[in-house]
Every structure is written in structure tokens, then in C-alpha cells.
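What follows is a set of notes on a single structure, which appears directly below.
The values are calculated or read from the model by the stated rules, or taken from the named source; none is laboratory data. Computed from a predicted structure; not experimentally measured. Quick reminder, even Gly has a Cβ in these numbers, built from the backbone with ideal geometry, and neighbours come from all protein chains shown.
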Amino acid sequence: MKIIRSMVLVSVDEASLEHGAEKVFHAFLEEIEEFGLSDQIAVSTIRDVGVHEDVPVVIVYPDAAVYAPVRVEDVHTIVEEHLVKGNIVPSMLTMMRGLTPEVAWTRERRGALPVQKRIVLERAGIVNPASIEDYILYDGFQGLGKALTQMKPSEVIAEVEKSGLQGRGGAGFPTGRKWSFVSSTPGDIKYVICNADESEPGTFKDRLIIEGDPFSIIEAMTIAGYAVGAHEGYIYIRGEYPVAYRRIEHAIHQAEEHGMLGNNIFDSGFSFHIHPHAGAGAYICGEETALIESLEGKRGMPRARPPYPTTYGLFGKPTLVNNVETLANIPAIIRNGGVWYREVGSPKSTGTKVYTIMGNVNFTGVIEVPMGITLREVIDIYGKGMKNGKKLKLVQTGGSSGTIVPANLQDTPMDFDSFRNAGVSLGSGALLICNEDTCVVDLAKVILRFFRNECCGKCTPCRIGTLRLYEIMSDISEGKGSISDIDEMLKISEAMSEVSNCGLGQTAPTALLDVLKYFREEVEAHITDHVCPVGVCPITAHVPELLPVP
Amino acid sequence: MDQAIKQKDFDIVELVNDAIEKHGNTRDAVVPILSEINHKLGYIPSSALPEIRRHIHVPQEGVFLADSHLYSAASFYHLYSLKPLGRHIIRFCESAPCHVVGGREVIQAIQDELGLQPGETSDDKNWSLVMTSCIGICSVGPVFLVDDDVYGNVTPERVSEILAKYQ
Ligand SMILES: Cc1cc2nc3c(=O)[nH]c(=O)nc-3n(C[C@H](O)[C@H](O)[C@H](O)COP(=O)(O)O)c2cc1C
Ligand code: SF4
Ligand code: FES
């Protein structure tokens, strides 16, 4: 197994080339070879780092140290000191505008790689999640204290708006704006709901946030309640997360005992109560109106919208529904200010994003990084490369309702805007990395089976559509497809996307459409040649009797 | 699961009373109450529904509830069963992330080992095989649960050794 522990990038824009970038690049290759580190350190190029004096620029990851200008005679020192001994060479670091020496993340995102930056998961894994003292020791409840004692509700909302925070539950709706909708809807009774249903396959970030730092959600919900004028909050936790439920329950008790929750918090006159609520296993209950129906004790079926929950939500009252990760950003935003938050991430997608990495890479798990890094970086640096040296075939981003990105698009920066422009969805932040042994027909079939099972059945295009798409894909994987099936799937998908009542039906065909867009030949091979090129589908066993007589 | 209560002679009235005591009799308590009964018995017997309805139906507060409404909820959620299941329940994650890292082979091994198809309960009522979607521990896929125990990074070879613990 080859694990790249470090990466050296040499800038090769016009100016850098003029100043010997090519020689520097080769010098790195040679020196690294000399030290016998070729297996652990990769050398690559980067086109433009945004500066054209003092070039070439050399960035070393994962430390994100930026050296410039680098001459061939400097290479030996950098390799020996930094890459062999692990000491960054201060005298060679640069202080270029936009590129700080420690973090090469630039706001313009000119190809530099960010290091992990933790806001949401700052305390997770460090503090004892059962100890309110630990939480307080690590800045806990400072945001709430500041909000309740120094700020008006409108100022809290203004701070959240200033931060540019967008919802992390999938749709990316601006959080401050949602808060102001709820706040401006008249009513004595309002609710705050923390959406911890998290049933998107491949997504477990919210579980880690709650299990690792439950008090941050309590603090955030209380701040939200103060901002929008609510006194009751619900945390809807999926039934499959018993540990998260117990941690939250315990945290609520402790917060109440310490006067951080309940009546007259911090003697401010503001009261807020939180009720944990466990779901019972239904993906659709993550959709906010279905969640509300479920909280009301019914089948979790989405309502027709409008009215939106912000005006007509739980028990008919104005309701704020926010995702766990969204809320987990709030205490730090209030503590440090919206402007501070804006400094992280890219201008249009601020802050960090928590991603879950799964599939055929050496490291699977969770990372929190500024918005805007690329899939290649995720795979190489955080995923520690593809497992067993296999080739990358595709990545499914955003969970089962998300998009499929073929290997050749892995350099698209991941933020809301770039992704949307590239037709890629960020969704829940799940990244399923698949190697060449993955059959797209088999993958699409499994994804469609999920939607067939989880469709709530309320509206026809989704109910029939998810079933038909699954059946057709199933047939194709067994060698029983015909070429007209592709057109039929496209037609069904179009109808589902356009007229389904909720996001489930609208996005269920997403992965399938991408498979047909990027891997159509492979699907056709199943149909016309009766072979599964990857050898995964049960096709071969069935072929003889199923082939139509010509 | 509480084996004592699982015996035939459970008292549904008492069970429902306990659950109401714990979760209250408001509308938002319906799912927690159903969950509690399902957890204690392994399923929700139809006799529980009118019992729950009696408590939650509060006309003076404008809350009307019918048995059919409760049935509709009880039959909707995947964690509930309306018929008794086996003594041990295997919940196998069939979602894509687990599937692509080897789930396909593991479920086959389980089926072969137990002679069960997904959704079936064994004749000796020892095992039920239930397929589920992602349970949020995908980084160690393939994954399945036996009752409340979690198994990750499972390979087909490990299946019989794991199941043997429950014989
Ligand atoms: C089928 C479906 C499932 C969803 N599941 C979740 C979920 O598990 N968690 C979540 O926070 N949002 C989920 N959402 C999005 C919510 O409806 C809602 O947009 C979100 O909770 C709003 O919070 P945010 O603004 O903080 O992102 C889902 C949406 C759909 C259509
Ligand atoms: S689109 Fe599907 S899940 Fe959504 S309301 Fe319609 S049937 Fe239900
Ligand atoms: S996909 Fe299997 S646990 Fe998440």
C-alpha cells in the first residue's frame, strides 16, 4: 500500500516558468528520490497561485507551508529540513498577500489546498460530551451569554446574516434569512426544531456532532429561540441513533441544572425548553414538513407547500427548522462575529463543511474543511489515496439523492456555487468514492431500491416512478433490458423531477441521470451485449434463456 | 429486549400506561409511545392501538384520534413491526456505501448461513432477517446489527462466528 504523506506543489504559470519552475520541479523529484522518499511524497504542479512576483512558489502539504521564490539551489534544504526532518524552514517562507505562510488557503482559491479547519467539530473528541464543565471550559455558552445579555434578537439575526451561513441540511438556504422569516411572522407560540433525522445513506456527520458535542446544539437552539421569539424547541433524532439521543437527553438535564436552559436563563427573563424526540426509521422524516407531521404523531408524509414551516409549522405555529451542522456553527458565529466567519471558506460559500468520506479509499471517516476544496484533494490528502492502488471511477456526492461525478471532474472546487454550476450537488456532504470495480448499473440499482423503499407514497409520480425505475434497472442488471428502457427511464425521471411533491421524488433520479450521462456505454453493454463489463451483475447466469431469438 | 415481558402474558394495558406516564398523552408522544412498545415486545400488537387512543384522544383540547390513525402511523415507520419477529433480529444495511465495499457478499453469506431470505423469520423463531437502509456507521461498512449489537467491517468469513454468539 502506498500512502502519500506529503505533497509538493510547484507553481508553473508563465512567470514561474520564466524563473525556472521546471528545473525546480525536477530538482524536487531528484532530491526526493535521493532520500528514498518517492513512495511517500508526491510532487506535482499548480498552475497559478495568484502572485507573479517572487516566483516560483512551492507549497508543501499537509502543512500548507508556502515557499517563494524557490531556486534550484534551495530545493535540497527544503527537502532535507522539511520533508525529511519535519521542520518548516522559516527563512524561506513567504508572506505574500492572500497566501499566509501556514495556511495556503486563499480566498480566490487559486489551486491552493486548505488544511482542516474545525468550527463545528472543534470540541468533538476533545471534551467529555457528558460534562457541561468541559463545554464551558472550551468557550461553551459564551455565545448564548453574549446574545442574551448584550444583543437584541434582531442583532443576533443580523450577525447570522452577516456570516453568510447557508443551511447544511441539503438545500443550502441562507440561515439568517430563514431566521428573520420566523422572527417576523407574528405569534406568541413559535418553535425551533433541530433536524437530526440524518437518514441520507453515507451521512453521519450530524451523529458525530451530537455525540461529540451535544451542548453546542443546546446552546445554538437557545440562541435561535431567543432570536426568533420561540420558547420551545424539539430535537428530532432518528430512531437508529440511541447514543446520540442519550447524550442529548443528558446534556439537556445538565444545562437545566446549571441555568443555561429552562426558565429565566442567565436572569435575562428569557425562557427556553428543549424536548428530545426519537424518530422511528423513515428517511422521509428528514424532510422538514414530514418531520413536523411525524412530531405531531402521524405518518411522516410531506405537506404541500406553501405554507412553509416558517409561517405554518409544528401544530400550525411558525417554526424554524435547522440542520444539526447548521446550528453547530451558531455559537462560534455569535461569539466571534459574522465577519470572522466570512473569512473562512470562499466568498459565496462561507465557513467550513463537514464531509463524510466512504468507499474505496485508505481512510474513511469525517473531515471538516473550508468550503471549496476539490475531490482530488479529498481523495489524495484526506482519503490517503485509493485503496489497493485501484483507479478512481466515480464519486457520489451528497448521499443517495446526490450526483455522480466521474473521475475527470474531480478538480471542481466543492462549494455551493461551483458545484451548482457544474451540476453537482453538495447535499449532506457524503462522499462515496468508488473504484474501477464498481458497476454503474449495480450502483444505480441499489440507489433506486433505496428510493423505492423510502418513498412515502403520497404522490403518484414518485410512488410509481421509484418503483418503475428500480424494476427497469433490476432487469438491466439481469440481462433482461431493452434499449428503449433508457428512453423510458429518462421520461419517468423527467416527470418525477418536475411534478413530485417533495425533494425525495424530485431528486431520486439524480444518480441514475448522471449514470446515463457519463456511463451510458456501460449501461448499453448490459442491454445489447448482455455483459457486465465489471463483472458484478448477475447477468451472465441468465443470458442463455433470456436472449430473445433473433 | 426484555425477555420477561416478551412472554405471551404481557399486560398491554400496563405497558401503555407506563409509556404514557413516561411520554405524556399529547400528540407528539404518539411515536415515542409506539417506539417503547415496539422495543419492549419486539412488535406492536393491534390490541395496543385502542389502548393508546383512549389516552391521547382528548376532545376538550380538540385532539381527536382514531385507531386507524394509530395503525396508519404504526405501519409507516421502518423500525416497527406489526407481527412478532424472531428472538434475534439481524438488521442488514443495504445502502450503497456499504454495498460497494463488500455488503453484497456479506448478505449472501448471512442468507446461506441461516437459510433465510430478506424479510423472513426462521421456522424456529430464532432469527429474523430485516433489510435496512444506512444506520450511520458507514465508515466501517459493511455493517449489520444483531439486536442492539453493532458489527462493522464485516467479511463473509466472519459471519458464522458472529451469528454463533447468539445460538
Ligand atoms: C427527502 C428529504 C430528506 C431530508 N433529510 C434531511 C435530514 O436528514 N436532515 C436535515 O437536516 N435535513 C434534511 N432535509 C432537508 C430539510 O427538509 C430542511 O431543508 C433542512 O432541515 C433545513 O435546515 P437547514 O436550513 O439548516 O439546512 C431533507 C429533505 C428532503 C427532501
Ligand atoms: S415525492 Fe415521494 S416522498 Fe415526497 S411526498 Fe411525493 S411520494 Fe412522498
Ligand atoms: S451505508 Fe451502511 S451504515 Fe451507512
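Scanning for something buried (at least 23 other Cβ atoms within 10 Å of the Cβ), more than 20 Å from residue A:122 (Cα to Cα) and within 16 Å of ligand 3 (Cβ to nearest atom), does the range A:350-359 turn up at least one residue? For the range A:350-359, residues buried (at least 23 other Cβ atoms within 10 Å of the Cβ), more than 20 Å from residue A:122 (Cα to Cα) and within 16 Å of ligand 3 (Cβ to nearest atom): present.
Okay, residues lined up against (1) more than 26 Å from residue A:239 (Cβ to Cβ); (2) more than 16 Å from ligand 2 (Cβ to nearest atom):
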site: A:155; (1), (2): yes, yes
site: A:170; (1), (2): no, no
site: A:187; (1), (2): yes, yes
site: A:203; (1), (2): no, yes
site: A:210; (1), (2): no, yes
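Residue B:154 meets the stated requirement of being among the hydrophobic types (A, V, I, L, M, F, W, C), away from chain A (no Cβ under 14 Å) and surrounded by 17 or more Cβ atoms within 10 Å (Cβ to Cβ). Looking across the range B:102-128, the residues that are outside any loop (DSSP other than H, G, I, E, B), more than 9 Å from ligand 3 (Cβ to nearest atom) and within 28 Å of residue A:437 (Cα to Cα) come down to B:102, B:104, B:105, B:106, B:107, B:108, B:109, B:110, B:111, B:112, B:113.
In the set A:316, A:337, A:351, A:345, only one residue is on the phi > 0 side of the Ramachandran plot, modelled with pLDDT of 95 or more, more than 13 Å from every other protein chain (Cβ to nearest Cβ) and more than 16 Å from ligand 2 (Cβ to nearest atom); that residue is A:337. For beta carbons closer than 7 Å, sequence separation of 6+ or different chains, a first residue in the range A:150-177 that is more than 19 Å from residue A:230 (Cβ to Cβ) and a second that is within 16 Å of ligand 3 (Cβ to nearest atom), the qualifying pairs are A:170/A:427; A:170/A:428.
This table checks each residue for (1) assigned to a strand (DSSP E or B); (2) farther than 19 Å from residue A:456 by Cα; (3) among the basic types (Lys, Arg); (4) within 14 Å of chain B (Cβ to nearest Cβ).
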residue: A:273; (1), (2), (3), (4): yes, yes, no, yes
residue: A:281; (1), (2), (3), (4): no, no, no, yes
residue: A:285; (1), (2), (3), (4): no, no, no, yes
residue: A:291; (1), (2), (3), (4): no, no, no, yes
residue: A:298; (1), (2), (3), (4): no, no, yes, yes
residue: A:303; (1), (2), (3), (4): no, no, yes, no
residue: A:309; (1), (2), (3), (4): no, yes, no, no
residue: A:321; (1), (2), (3), (4): yes, yes, no, no
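If you go through the range A:441-494 and pick out every residue that is without any contact (Cβ under 8 Å) to a residue 12 or more places away in the chain, crowded, with 23+ Cβ neighbours inside 10 Å and away from chain B (no Cβ under 13 Å), you end up with 0. Applying the set (1) within 12 Å of another protein chain (Cβ to nearest Cβ); (2) buried (at least 18 other Cβ atoms within 10 Å of the Cβ) to residue B:72 leaves exactly one unmet item: (2). Restricting the range B:117-141 to residues that are of a type outside the set (A, V, I, L, M, F, W, C) and facing chain A (nearest Cβ under 8 Å), which is surrounded by the fewest Cβ atoms within 10 Å (Cβ to Cβ)? Among residues in the range B:117-141 that are of a type outside the set (A, V, I, L, M, F, W, C) and facing chain A (nearest Cβ under 8 Å), the one surrounded by the fewest Cβ atoms within 10 Å (Cβ to Cβ) is B:132.
Taking the criterion of being at positive phi, more than 14 Å from every other protein chain (Cβ to nearest Cβ), part of a helix (DSSP H, G or I) and more than 16 Å from ligand 2 (Cβ to nearest atom), would at least one residue in the range A:250-266 satisfy it? There is at least one residue in the range A:250-266 that is at positive phi, more than 14 Å from every other protein chain (Cβ to nearest Cβ), part of a helix (DSSP H, G or I) and more than 16 Å from ligand 2 (Cβ to nearest atom).
The condition of being within 18 Å of the chain's Cα centre (by Cα) and either crowded, with 24+ Cβ neighbours inside 10 Å or among the hydrophobic types (A, V, I, L, M, F, W, C) (or both) holds for only one of A:122, A:200, that being A:200. Residues of the range A:28-55 that are at pLDDT 90 or above and over 26 Å from residue A:379 (Cα atoms): A:34 alone.
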